[in-house]
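K.L.:
This is the structure I want to talk about, given as C-alpha cells.
Where a number appears in this text, it was derived from the coordinates with a stated rule and is not lab data. All values reported here derive from a predicted model rather than from experimental measurement. As a convention, Cβ positions derive from the backbone with ideal geometry for all residues, glycine included, and neighbour counts pool all protein chains shown.
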Amino acid sequence: MVPKPLILATDLDGTFLGGSKEAKERLYRLLSRRSKEDALIFVTGRDLGFIRRIIQEDGVPRPDYIIGDVGTSVFEGKDFSPYLSIESDIARNWQDKPERVHPILNRIRGLTPQPGPFRHRLSYYYDKAFDPGTLDLLKETEVDVLMSAGVYLDILPKGVNKGTTLLRLLNALSLPKEAVVCAGDTLNDWALFETGLRGIVVGNAEPALVQKTRAMPNIYHSVAHGTEGIFEGLNHFGYEE
C-alpha cells in the first residue's frame, strides 16, 4: 500500500471473509504489516464469539476495534473488552425494548429467532410467510427495523446502526474520516455508505444495496468479489501494493 493512512472499516461475511484463499491471505498479510497510522475495524452483524473464533482458528488478523451485532456492540480489538463510553448509551436506549417488542413479534408469521447471544438487538430469519407490512405494529416501540439479504430481520435500538456507531467510534478516537474506507455487501451495510465516508460495494453484493448506492459519488462498485473486491476498491482510492 502507498504510505498514506488507511482505516479499513469492513463487514465480514461476503466481504472481508469472502473471495479466494489466495486473495484473503494476500490482504491479511498486508494489513498485518500496516503502519501505526492505519487501523482495521470490523463492522459486522456477527457476535463477539464468532469473531474470537475466526481470529484464533482461521488466520484472520486481529482488528483494532470491533463493531458487532449490526452496530449495537463495540469492543476493543486488543482484549475484546466493551468500549463502554459508546456501549453504555446503546444499552440505555435498548433497556426496555425486548419486553415491548417480543410480544408483537411472536404474533407475526414467518419469523424464526436467530440462535446466539446478541447484545442490544433482536434478530430473526424471515421466510415467504412473512408480510413486511406487519412491522407497522412496531411503530410505537421506538426501535429500528432492518431487513437484508432476503432472509435477515434485525430489531435495533432507535438510531443505532453500523454507520452511526462507526461515526461515534471515529469521533471518540479522533481518527481522520478522510482516511476511512468502508466495505460491505448487504443492506445492513447501507448505513456505512450513508455516512458519506468512502466505500466499496464488492462485486457479490446484494442487488438492493447496489441499487441504493449506484449514484453515490463516494462509493466504488467492484467487479471482483470479497477480498478481491476490497483490493479493487482500495486501488481505485489510491492504495496500491
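K.L.:
For THR165, THR195, what ranking results if the residue with the fewest other Cβ atoms within 10 Å of its Cβ goes first?
P.N.:
Details: THR165 26, THR195 20.
Fewest-to-most ranking of THR165, THR195: THR195, THR165.
K.L.:
While we're here: What trypsin sites (Lys or Arg not before Pro) does region 28-64 have in DSSP loop regions with at most 15 other beta carbons within 10 Å?
P.N.:
Values: sites: ARG29, ARG33, ARG34, LYS36, ARG46, ARG52, ARG53; in loops: ARG33, ARG34, LYS36, ARG46.
Taking region 28-64 and a limit of 15 other Cβ atoms within 10 Å, the loop trypsin sites (Lys or Arg not before Pro) found are ARG33, LYS36.
K.L.:
Gaussian network model of the chain, Cα springs within a sub-10 Å range: biggest mean-square fluctuation belongs to which of PRO207, PRO115, PRO98?
P.N.:
PRO115
K.L.:
Give the residue list of trypsin sites (Lys or Arg not before Pro) in region 68-118 that are DSSP loop and have at most 12 other beta-carbon atoms within 10 angstrom.
P.N.:
Numbers: sites: LYS78, ARG92, ARG100, ARG107, ARG109; in loops: LYS78, ARG107, ARG109.
Answer by residue number: LYS78, ARG107, ARG109.
K.L.:
Check each of the trypsin sites (Lys or Arg not before Pro) in region 146-221 and keep only those in coil by DSSP with at most 14 other C-beta atoms within 10 angstrom; list them in order.
P.N.:
Details: sites: LYS158, LYS162, ARG168, LYS177, ARG198, LYS212, ARG214; in loops: LYS158, ARG214.
Taking region 146-221 and a limit of 14 other Cβ atoms within 10 Å, the loop trypsin sites (Lys or Arg not before Pro) found are LYS158, ARG214.
K.L.:
Let me ask something else. Mind telling me which of ASP96, ASP144, ASP69 comes out most flexible in a GNM of the chain, alpha-carbon contacts under 10 Å?
P.N.:
In the Gaussian network model the winner is ASP96.
K.L.:
OK, next. Counting only C-alpha contacts under 8 Å and six or more residues apart, can you give the relative contact order of the chain as a whole percent? Intermediate results must be reported in sequence, preceding the final value.
P.N.:
Details: 443 pairs, mean separation 53.2, N = 241.
Relative CO of the chain lands at 22 percent.
K.L.:
Nearest 20 debye, what's the magnitude of the dipole of region 1-73 about its Cα centre given +1 on Lys and Arg Cβ and -1 on Asp and Glu Cβ?
P.N.:
Numbers: 12 positive and 11 negative charges, 67 e Å.
Roughly 320 debye, rounded to the nearest 20.
K.L.:
With 10 angstrom as the radius, rank VAL143, VAL151, VAL101 by how many other C-beta atoms surround their C-beta, starting from the fewest. Provide the component values of the computation, followed by the final result.
P.N.:
Details: VAL143 23, VAL151 14, VAL101 18.
Ranking VAL143, VAL151, VAL101 by Cβ neighbours within 10 Å, fewest first, gives VAL151, VAL101, VAL143.
K.L.:
Given that just one value was derived from the coordinates, which of (i) 65, 35, 34; (ii) 50, 50, 39; (iii) 54, 36, 34 is Cα extents along the principal axes in Å?
P.N.:
Step by step, Cα extents along the principal axes in Å for this structure corresponds to label (iii).
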